[in-house]
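Engineer: Below is the structure I would like to discuss, written out as structure tokens.
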Amino acid sequence: MDTTFKTVASSYISISELMLPSHTNFSGKIHGGYILSLLDQIAFACASKFSGNYCVTASVDTVNFLNPIEVGELVTMKASVNYVGKSSMIIGIRVEAENIQTGVIKHCNSSYFTMVAKDKNGKSVTVPGLIISNLEEIKRFSNCIKQIDLKKERELHEVKFNHSATENLARFDHYNVKLELK
């Protein structure tokens, strides 16, 4: 079986967009939902470029909003494949906003999307292997492995954990919650 491999660099995608008043929320900042839509678009483009196939979003694993984005700022999103499985890829995305008058750039968001490559019939297809070329790429790949392991552990916990056990319910006393079970 001849498996093809591609470099992380071959997946790089960057998009920039000027933030307009129509993109704002009720507080006058750029709406997080608008940013999520752009994130999904660049994740799709990155995964499709790398895999050579149509890709779908399997999960949005992490979205960390770090700083607000203002109207008039130039938002740049940079994406790359950080991890590949059989048919899935984890895409890392960095969002920066630049004040185009002062040149000041701030890191606004870091996100990770799991994308799955599909054929014309909607069946999952194998993606190329990943060539890792530097320590930063090793760090990103390793962090994805850890993220996958934590997700599996959470899923296993949900299956095995007895949520209504007396010991578990007693823990609720430490939280701002009132139990009124029927």
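The values are calculated or read from the model by the stated rules, or taken from the named source; none is laboratory data. Here the structure is a predicted model, which is why all the values come from computation and not from measurement. Positions of Cβ are generated from backbone atoms using ideal geometry, with glycine treated the same way; all protein chains shown enter the neighbour counts. Just the protein is used for accessible areas: all its heavy atoms, side chains included, with ligands, DNA and RNA removed. Shrake-Rupley method; radii C 1.70, N 1.55, O 1.52, S 1.80 Å.
Engineer: Criterion first (of a type in the set (S, T, N, Q), under 17 Å from Arg140 (Cα atoms) and in contact with a Leu (Cβ under 9 Å, 6 or more places away or on another chain)) does Ser110 satisfy it? Quick ask: steps written out before the conclusion?
Structural biologist: On the way: of a type in the set (S, T, N, Q): yes; under 17 Å from Arg140 (Cα atoms): yes; in contact with a Leu (Cβ under 9 Å, 6 or more places away or on another chain): yes.
Yes, satisfied.
Engineer: A follow-up question, please. If you scan the stretch 129-178, which residues turn out to be of a type in the set (Phe, Trp, Tyr) and either in a helix (DSSP H, G or I) or open to solvent by 90 Å² or more (accessible area, probe 1.4 Å) (or both)? Before you say what the answer is, go through the steps one by one.
Structural biologist: Step one: filter the stretch 129-178 for residues of a type in the set (Phe, Trp, Tyr), giving 141, 161, 172, 175.
Passing the criteria: Phe141, Phe172, Tyr175.
Engineer: Quickly run through the stretch 127-152 and pick out the residues that are farther than 24 Å from Val56 by Cα and at pLDDT below 95.
Structural biologist: Once the filter is applied, which keeps residues that are farther than 24 Å from Val56 by Cα and at pLDDT below 95, the stretch 127-152 yields nothing.
Engineer: When only residues in the stretch 62-81 that are crowded, with 16+ Cβ neighbours inside 10 Å and touching a Ser or Thr at 6+ places or on another chain (Cβ under 6 Å) count, which is nearest to Lys120 (Cα to Cα)?
Structural biologist: That would be Val81.
Engineer: Which residue is most open to solvent (accessible area, probe 1.4 Å), if the candidates are limited to the stretch 1-44 and must be within 20 Å of Phe141 (Cβ to Cβ) and in contact with a helix residue (DSSP H, G or I) (Cβ under 7 Å, 6 or more places away or on another chain)? First the steps, then the outcome.
Structural biologist: First pass over the stretch 1-44, keeping only residues within 20 Å of Phe141 (Cβ to Cβ): 3-13, 42-43.
Applying the additional criterion that residues be in contact with a helix residue (DSSP H, G or I) (Cβ under 7 Å, 6 or more places away or on another chain) yields 6, 8, 10-11, 13.
Values: Lys6: 67, Val8: 6, Ser10: 39, Ser11: 0, Ile13: 36 Å².
Applying the filter and picking the extreme gives Lys6.
Engineer: Shifting gears a bit: Would you please name the residue that is nearest to Cys144 (Cα to Cα), looking only at residues in the stretch 97-125 that are among the basic types (Lys, Arg) and open to solvent by less than 70 Å² (accessible area, probe 1.4 Å)?
Structural biologist: Lys118
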